[in-house]
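Please treat every number below as a calculation from the coordinates, not as lab data. Given the structure is predicted, the values throughout are model-derived calculations rather than measurements. Heads up, the Cβs are rebuilt from the backbone with ideal geometry, glycines too, and the neighbour counts pull from every protein chain shown.
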Amino acid sequence: MAVADDIALIKKQEATLVFPGFDEAVAFEVGAAIRKRALAENLPIIVDIRTFDRPLFYAAMPGSNASNPDWARRKINVVKRFLKSTYRMVLELS
């Protein structure tokens, strides 16, 4: 798939994959589901779910390390600055 096709697909996903409502309860439900899967699959990740103004759910899985939160922070900063996914940003800059 060409880069332009990937970008078009990502734009479509960004427009259509939207929660009908999002609050603390939804963030916890989504975060808990991701945490449960990460534990079951032994994934060394962090889960960081937030709105633009505050964190709503955070979990660090066994095996994650001190660089994981910093990596997430950088991705969050890109999304806040450009209002698009980091993958889309990489494709658009390549």
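Dipole check for the chain: with +1 at the C-beta of Lys and Arg, -1 at the C-beta of Asp and Glu, and the Cα centre as origin, the magnitude is about 180 Debye.
Each helix, a run of at least 4 DSSP H residues, gives -39500 (n - 2.57); summed and divided by the residues of the chain, these come to -19000 deg cm²/dmol at 222 nm. Of the chymotrypsin sites (Phe, Trp or Tyr not before Pro) found in the range 1-54, the ones in coil according to DSSP and having at most 16 other Cβ atoms within 10 Å of their Cβ are PHE22, PHE52. Histogrammed with a bin width of 5 Å, the alpha carbon distances of the chain distribute as 2, 11, 18, 19, 22, 17, 9, 1 percent, first bin at zero.
I'd like the GluC sites (Glu not before Pro) in the range 12-49 restricted to DSSP loop residues with at most 12 other Cβ atoms within 10 Å, sorted by number. Sites meeting the loop and neighbour criteria: GLU41. For ARG50, the residues whose modelled amide H falls within less than 5 Å of its own, excluding neighbours fewer than 5 places apart on the same chain, are LEU56. With a Cα cut-off of under 24 Å and a minimum spacing of 8 residues unless on different chains, the lysine pairs in the range 3-93 number 8.
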